[in-house]
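Only one structure is covered here, and it is reproduced in the block below.
The values are calculated or read from the model by the stated rules, or taken from the named source; none is laboratory data. In this text, all values refer to a predicted model and were calculated from it rather than measured experimentally. Cβ sites come from the backbone with ideal geometry, for glycine too, and all protein chains shown count toward neighbours.
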Amino acid sequence: MELNHLIQSLPFSNLAAIASLVFCLPILVFLILLFFGHLIKKSDWIATIGMGLNFVLCAYLFSQIWFNNQVIHWRFDWIHLAGSQSITLGLKLDKLSSLLLVSVTFISTLVHLFSQDYMHDDKQYVRYFAYLNVFTTSMLGIVMADNLLLIFVFWELVGLTSYLLIGFWYQKDTAIRASKKAFLLNKIGDIGFLAGLMIIWTMCGTFDLEALYQLYTTSHIIDGNWVLTYTVSGLVVVKSIPMIWLTVLGLGIFAACVGKSAQFPLQIWLPDAMEGPTPVSALIHAATMVAAGVYLLARVFPLLDYHVLIVVAITGAISALMGAYAATSQYDIKKILAYSTISQLGYMVMAMGVGAFKASLFHLFTHAFFKAGLFLSVGAVIHAMHHLQHTLEHKGLDLHFDPQNVHLMGGLRKALPFTFVIYCVTAWAAMGLPLSTGFVSKDAILAGTLAWADAMSNQGYVWAYIIPFIAFFTAFFTAFYMGRQLFVVFFGEFKLPKVYTNAKDAFKYIHDIEWKMKIPLLLLACMSIFIIFTPNPFDGEAGWLYQGISSVPSAVPNVLINSTELSELTHHYHWIALGLSLLVAGAGVGAAYLKYGRNVANNQIASNYQSNPGLMKRLSINNFYLDYLYKNYATSLIIKVADSIAQFDNKVIDKAINGIGVFYVIVSHIVAWKDKYIVDGFVNTVVFSVSKIGTSSAKIQGGKVQLYFAWMLIGVMGLLIWFVW
Amino acid sequence: MKITLELFLLIGAILFCLGLYIIITKKNVIMVLMGIELILNASNVNLLAFSKFDPFRIQGQMFSIFIIVIAAAEAAVALAIVLRVYELYKTVDLDKINQLKD
Amino acid sequence: MNEIIFYLFAILTILSAFAVAIVKNVLYAAFGLMFTFISLAVMYLYVGADFVAITQIMVYVGGVLVLIVFGIMLTSSVQNNETALFGRKLLGAVVSILFLVIIVSGFLKVDFASLEWINQQLRLGHTQAVTSQHVGFNLLTTNLLPFELAAILLMVALIGAALMAKFKNSEDVEK
């Protein structure tokens, strides 16, 4: 197979032009806002309308790709090396990426609109929109890129913009720390990505995903070595490395996904990232950036061998369970959703690992909408609480309460009826109750895990049944914590006056949100109803999304489970998974009702600030003490290593260098003596004789160097003439 | 209009002679240095022009790379010398630096 | 088209070199020299010497010219633009024109195509551009020793230049 044919340039079409426009528009808006933002009054509208326009363009691209069944692919040589392969860059939109394009720009537009009110009082209003735009660009870059190198570049850009947005309120110490934490933990994953890229380059000599897929399908395993054979400009290249590197490569790329999608053990940045503005959390930490990890997995899915997939499945399951369990006892309204996001992403990653490719992507899209809806409605609640704080301040009551603490809320359904309805719809989807999108997609994932476990146990891996077990357990906790949030925030009594007794009539100052915030909420709630994705509320496979996206068969030479076998088993397990998930979700909501819904009149606050919570509860609140572990063990270990290296440097290397220095001083003294008496003596003699000759010949010379040169040239001329003729 | 070997040689020759002219006539030491650089460049032109007929061993190119390296070293050292000379004589006029006369 | 660009740059080379020779202000001369260097680099591309062209720009324009400009500034010779005597100019002109005549008539007499190695290339019609790959290969095989020596030379020159420019009033010490 000729590598240069695989990565030959592809022409620039009209649709590719539109796609590049989609990519460039947010950059343009970013530049306008950056340089002229302070001059323009309606800068927020520029950003919103620009993003809306982008959404329309994306929708057009989507319709072209989806209905005409075509793929936009534009590729050109970036660096061309004579006699070897080129390095290409390109833009590729297939069904999956165009769908992601639409959902990213859609949610981004809604978040822009929502932010207009939410961020209205902020001094750095313009900067906020500029960041949002540059974030959207880099996200679109990841989606559109046709090779891993380009994905890596935009991957880093997404990390950077996420850093900027989490630390947007840079006056807050916690926000700065959260942004640094997010950035560093993402970097840990990205190192894995880089290592994976290096192995890919060494083996395949290209980063282009299509070419990689072709190369992988032709690779073989010979004597435990992974062997690739292809030609570059006619020369045959045979590359062979031990099998383990194929796994290491996959693990490296998966590490990037672990960082970005907040999977175990790097998930601790996501709860802290809630320090950023709430619309940002909705856009980045629910719908887009964290989904990028899953998207990357989907892109490289056929290139992962089964060891990696098992690791992926286990990691996803662990994250799903840990996230869900930690979410059950958080009291910060946003952190509940943050842990929920970790858990749901764990679901998607787990689904990828068990080979439920379509189910994972299906859940990616449904989750993007309902989680963005949840975040924005929670944002509305926080907004209302903030306003309450301001109103009370005007009334002369200076209460410094935390507007995000759920224990200060309660009964808000009367004060915020619109938000309540939206929250109910989106939470319904999150809990995975029937008639919602979340139900359909979660059911698909659960069926996938059961099918995988069955197939694995046929191969002798009976332990695989633990994965569906964890998945159902997680589903229970998901329903439980969503139910808890619903009951604690919207039902019962308003609890602020119980803590701050001087704010008795605070409840009547809470007002529902304005229209600019209502529209996004309404649209996102609509997107959480099953009919958007599938006509049959109990079977996602009937829906257009399932029909449209085609799963790619694995291209690696060692495959454990046949994908057709897996899909047949999935069909088989569909109704079992459905029934079980209904049962589990119902049990979860029921438990939440029993614990928080029935006796909400009880003084919750007292029980929640109890002095000595049980071990399980403490584990949950502190997210299994992961932060503590990292801080006390990983960080201190690194510091110790650094200290010992410094010690080594001081004691051994410095001493050795000093010794060498002393040695040289001694040697140079000897040399100096020799220089003074022997060399100088010789030179002095020469100089003396030369000066004698010079002074004697100076009489015929004027001391003008250039004239000497001219005379010399005339002499040379004579020589030349003698040579030439 | 064809790019011939002779054309390159002609350009090299012209540059060389301009360099000679500069070296002989200019008073400023730094100008003389510039003339030397021009001459080095003229030699490079010739070497490269011939190197075209030696596409695999490219000795001409090798040679010119070394010339460039040495020219850089030469310029650095020469300018250091110029600075010292300026410190000593408070001038860079070559005609006034004529201590060699006596 | 290619030829036209080449001729343009050839003319630019010679004109700017002329400017260096004629202009009185030293700084302007340095500026003219920059144009000579750059257009020479472009001409090098036409003989397939892309690496040398890049090196030319980096070393000459980026290094030597900067040094020269620093030299000009440190010796405050920007205003110092006394011209040489007419006699000297005449001498220079005569010598250099004679040289030009000798060189040009010299190489016009030679029939380069009759040289074996050039002839061989002409017959093969190898006009393939020599890539930097060959340069690297040759530098590290056939020319490894000169390459290392050049490195040492550069280092010595660097240290020497720094030393010479640094120590002040050594003649005071001697006195």
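With a cut-off of at least 1 residues that are at the interface with chain B (Cβ under 9 Å from one of its Cβ atoms) and modelled with pLDDT of 90 or more, name the helices (runs of 4 or more DSSP H) lying wholly within segment C:123-175. Let's see the steps before the verdict.
Details: elements: C:132-140, C:144-166, C:170-174.
It comes to C:144-166.
Considered as a group, the residues in segment B:55-96 that are more than 7 Å from chain C (Cβ to nearest Cβ) and assigned to a loop (DSSP other than H, G, I, E, B) include one that is nearest to the chain's Cα centre (by Cα), and that residue is B:L94. Residues that are part of a helix (DSSP H, G or I), aromatic (F, W, Y), in contact with a Gly (Cβ under 7 Å, 6 or more places away or on another chain) and within 7 Å of chain C (Cβ to nearest Cβ) do occur in segment B:19-27. Of the helices (runs of 4 or more DSSP H) lying entirely inside segment A:466-555, the ones with 1 or more residues being of a type in the set (G, A, S) and crowded, with 21+ Cβ neighbours inside 10 Å are found at A:466-490, A:515-526. For segment A:699-708, the criterion of a residue being away from chain B (no Cβ under 14 Å) and loosely packed, with under 11 Cβ neighbours inside 10 Å is satisfied by no position. Of the residues C:M73, C:M43, C:M34, C:M1, the single one that is farther than 17 Å from B:T25 by Cα, within 20 Å of the chain's Cα centre (by Cα) and more than 9 Å from every other protein chain (Cβ to nearest Cβ) is C:M34. Does A:V584 satisfy the condition of being farther than 29 Å from A:V111 by Cβ and either touching a strand residue (DSSP E or B) at 6+ places or on another chain (Cβ under 6 Å) or at pLDDT 85 or above (or both)? Here the answer is yes, as A:V584 does meet what is asked. In this structure, C:I14 qualifies as in a helix (DSSP H, G or I), surrounded by fewer than 20 Cβ atoms within 10 Å (Cβ to Cβ) and either within 7 Å of chain B (Cβ to nearest Cβ) or in contact with a helix residue (DSSP H, G or I) (Cβ under 6 Å, 6 or more places away or on another chain) (or both).
Determine whether segment A:191-208 contains at least one residue that is surrounded by fewer than 19 Cβ atoms within 10 Å (Cβ to Cβ), of a type in the set (D, E) and over 14 Å from the mean Cα position of the chain (by Cα).
Let us first name the residues in segment A:191-208 that are surrounded by fewer than 19 Cβ atoms within 10 Å (Cβ to Cβ), namely A:191, A:194-195, A:198-199, A:201-202.
From what is left, the residues that are of a type in the set (D, E) are none.
No, there is no match, as no residue in segment A:191-208 is surrounded by fewer than 19 Cβ atoms within 10 Å (Cβ to Cβ), of a type in the set (D, E) and over 14 Å from the mean Cα position of the chain (by Cα).
Being more than 7 Å from every other protein chain (Cβ to nearest Cβ), within 15 Å of the chain's Cα centre (by Cα) and within 23 Å of C:Q120 (Cα to Cα) is the requirement here; does B:L47 meet it? Considered against the rule, which asks whether it is more than 7 Å from every other protein chain (Cβ to nearest Cβ), within 15 Å of the chain's Cα centre (by Cα) and within 23 Å of C:Q120 (Cα to Cα), B:L47 comes out as yes. Just one of the listed residues (A:A555, A:A475) is under 18 Å from A:F362 (Cβ atoms) and under 28 Å from the mean Cα position of the chain (by Cα), namely A:A475. Is it true that C:A49 is more than 20 Å from B:V82 (Cα to Cα), of a type outside the set (S, T, Y) and surrounded by 23 or more Cβ atoms within 10 Å (Cβ to Cβ)? When the stated conditions are applied, C:A49 passes them. Residue count for segment A:75-121 under the criterion of being of a type in the set (D, E) and either touching a residue at least 40 places away in the same chain (Cβ under 8 Å) or surrounded by 24 or more Cβ atoms within 10 Å (Cβ to Cβ) (or both): the result is 2.
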